[in-house]
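K.L.:
Mind looking over this structure? Questions follow.
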Amino acid sequence: MHRGDLFPPLDPYQTGRLKVSDLHTLYWEQCGNPDGVPVVFLHGGPGAGASPTHRRFFDPRFYRIVILDQRGAGRSTPLGELRENTTETLVQDIETLREHLGVQRWLVFGGSWGSTLSLAYAQTHPERVTGLILRGIFLMRQQEIDWFLYEMRTIFPEAWAGFASHIPEAERGDLLEAYWRRLTADDPQVRMQAARIWSVYEGACSTLLPSPELVSASGEDNHALGLARIEAHYFRNNRLTPETRLLDQVDRIRHIPTVIVQGRYDVVCPIRTADELHRAWPEADYVIVPDAGHSAMEPGIRAALVQATERFKSLS
Ligand code: STX
């Protein structure tokens, strides 16, 4: 069994665009084996978009690897569009793409917000899901959003200072509202500046050890704009109801083979949430990586994720 690192870089054998509403068109790609076992990759944020590295969690000889940029994210258009952009529309888009590609059932792989969306998708369409690989669990509850906005400061005070100091002191009592105003301002420069600072804050808190590469990638214009606008939009306008919905509805997916991978020192999505999910769902395999933070690219996390995709070969 492959126990090493990511698979080698690879190009898609097919890419496409799929119009999913009057407003939104999705970017998607397929890599690996066209006759292989289907797996769909769901990126984080929401709004972060997928990258070429994400293709490399899966053995390309075995898997038919489907990757999409969610509404408003990455190469999907319009970038950063907030209208018609809810958890329900994202779940529907996954179904639209599945049907478009002629896939019956697939393995669903998602980290961070991708874990949230994977759970929402699986609970809505359990018959379509052969397995779940979930990393850095995020359930979009008030406590997790407050942690993101105010309490990551406990561990990353310098990064938080950069995030908070963009906002005048009088507005700092409600950072989400203050950022929302700027991220949706008429002036594109005001939006861009706020987006860059929001995204760099998240990136800086994502790794156990400092990663200048990840921080500078976080500040890249298109990535930052999609991520910050859509993330703020979901935090402010698109909470789950009730907020415990994904935990309450574990019964719908309890039978689906699942691996949860969680970094012990994940500061963006603290392990407490993964622990709650696993307590509600003891049948799921739970892998705690003892020396990792949040990012999928943390060495221990990516190794655990590759081990999980390798293990799923025998269940396919
Ligand atoms: N956001 C969680 C999430 O999905 C609250 C996420 N966290 N960091 C990221 O995504 C990136 C580092 C991929 C931007």
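K.L.:
Given springs between every Cα pair under 10 Å in a Gaussian network model of the chain, which of 275, 187, 93 has the largest fluctuation?
P.N.:
187
K.L.:
Roughly what angle does helix 113-124 make with the longest principal axis of the chain, taking Cα atoms, 0 to 90 degrees, to the nearest 10?
P.N.:
Between the helix axis and the principal axis of the chain, the angle is about 50 degrees.
K.L.:
Sticking with this one: Compute the Rg to Rh ratio over region 264-316 from the alpha carbon atoms, using the Kirkwood formula for Rh, and round to two decimal places. Before the final figure, lay out each step's value.
P.N.:
Values: Rg = 11.9 Å, Rh = 12.0 Å.
Here the Rg-to-Rh quotient is 0.99.
K.L.:
On alpha carbon coordinates alone, what is the Rg over Rh value for region 180-294, Rh being the Kirkwood radius?
P.N.:
Numbers: Rg = 17.1 Å, Rh = 16.2 Å.
When Rh is taken as the Kirkwood radius, the ratio is 1.06.
K.L.:
Rounded to whole Å and sorted largest first, list the principal axis extents of the Cα atoms in region 139-187.
P.N.:
32, 26, 17
K.L.:
Which whole-Hz couplings ³J(HN,Hα) result when phi for each residue of region 249-264 is put into the Karplus expression 6.51 cos²θ - 1.76 cosθ + 1.60, θ = phi - 60°, listed in order with x for Gly and Pro?
P.N.:
Whole-Hz 3J(HN,Hα) from phi for region 249-264: 9, 4, 4, 5, 10, 4, 7, 7, x, 9, 10, 10, 10, 9, x, 4.
K.L.:
Kirkwood Rh and Cα-based Rg: tell me the resulting Rg over Rh for region 65-109, rounded to two decimals. Don't jump to the answer; show the numbers that get you there.
P.N.:
On the way: Rg = 11.2 Å, Rh = 11.4 Å.
Taking Rg over the Kirkwood Rh, I get 0.98.
K.L.:
What are the residues whose amide H is under 5 Å from the amide H of residue 263, where those residues sit 5 or more places off or on another chain and H is modelled from the backbone?
P.N.:
136, 289
K.L.:
Nearest 5 is fine: what % of DSSP beta bridges in the chain come out antiparallel, could you say?
P.N.:
Percentage antiparallel, nearest 5: 35.
K.L.:
Considering amide H positions built from the backbone, and no H for Pro or chain starts, which residues 5 or more places from residue 166, or on another chain, come under 5 Å of its amide H?
P.N.:
Counting only residues 5 or more places away or on other chains, the set is empty.
K.L.:
Turning to a different aspect of this structure: Whole-Hz ³J(HN,Hα) for each residue in region 37-47, computed from phi via Karplus 6.51 cos²θ - 1.76 cosθ + 1.60 with θ = phi - 60°, x for glycine and proline: what do you get?
P.N.:
6, x, 9, 10, 9, 10, 6, x, x, x, x
K.L.:
As a footprinting exposure proxy, order 55, 71 by other Cβ within 10 Å, with the fewest listed first. Don't jump to the answer; show the numbers that get you there.
P.N.:
Details: 55 24, 71 28.
Listing 55, 71 from fewest to most nearby Cβ atoms yields 55, 71.
K.L.:
If you project the alpha carbons of the chain onto the principal axes, what extent comes out on each, in Å, largest first?
P.N.:
57, 44, 38
K.L.:
Tabulate in residue order the Karplus-calculated ³J(HN,Hα) for region 167-183, using 6.51 cos²θ - 1.76 cosθ + 1.60 with θ = phi - 60°, rounded to whole Hz; enter x for Gly and Pro.
P.N.:
9, x, 3, 4, 9, 6, x, 9, 5, 5, 5, 5, 5, 4, 4, 6, 5
K.L.:
Work the Kirkwood hydrodynamic radius out for region 83-167: mean of 1/r over every pair of different alpha-carbon atoms, inverted, in Å.
P.N.:
Working: mean 1/r = 0.0672 Å⁻¹.
By the Kirkwood definition, the hydrodynamic radius is 14.9 Å.
K.L.:
Return the tail of the calculated pair distribution for region 143-237, meaning the percent of Cα-Cα pairs more than 23 Å apart. Please list the in-between numbers first.
P.N.:
Working: 716 of 4465 pairs.
Result for the distance tail: 16 percent.
K.L.:
So what's the angle, to the nearest 10 degrees on a 0 to 90 scale, between helix 271-280 and the longest Cα principal axis of the chain?
P.N.:
40
K.L.:
What does the helix-only formula give at 222 nm for the chain: each DSSP H stretch with n ≥ 4 adding -39500 (n - 2.57), the total divided by the residues, and the result rounded to the nearest 500 deg cm²/dmol?
P.N.:
Details: 11 runs with 117 residues, N = 316.
For the chain, the value works out to -11000 deg cm²/dmol.
K.L.:
While we're looking at this one, here's another question. Check which residues have an amide H placed less than 5 Å from residue 42's amide H, if you skip close sequence neighbours.
P.N.:
Counting only residues 5 or more places away or on other chains, the set is 109, 110, 111.
K.L.:
For helix 188-204, report the angle its Cα long axis makes with the longest principal axis of the Cα atoms of the chain; keep it between 0 and 90° and round to the nearest 10°.
P.N.:
Orientation of helix 188-204: about 60 degrees from the principal axis.
K.L.:
Give the Rg (one decimal place) followed by the Dmax (whole number) of region 227-316, computed from C-alpha coordinates and expressed in Å.
P.N.:
Cα only, region 227-316: 14.8, 41 Å (Rg, Dmax).
K.L.:
Cα centroid distance between region 196-246 and region 7-27, in Å?
P.N.:
Spelled out, the Cα-based centre of one part sits 22 Å from the other.
A short reminder: the numbers here are calculations on the coordinates, not readings from a lab. Every value quoted in this text rests on a predicted model; they were computed, and no experiment measured them. All Cβ positions, glycine included, derive from the backbone under ideal geometry; neighbour counts span all protein chains shown.
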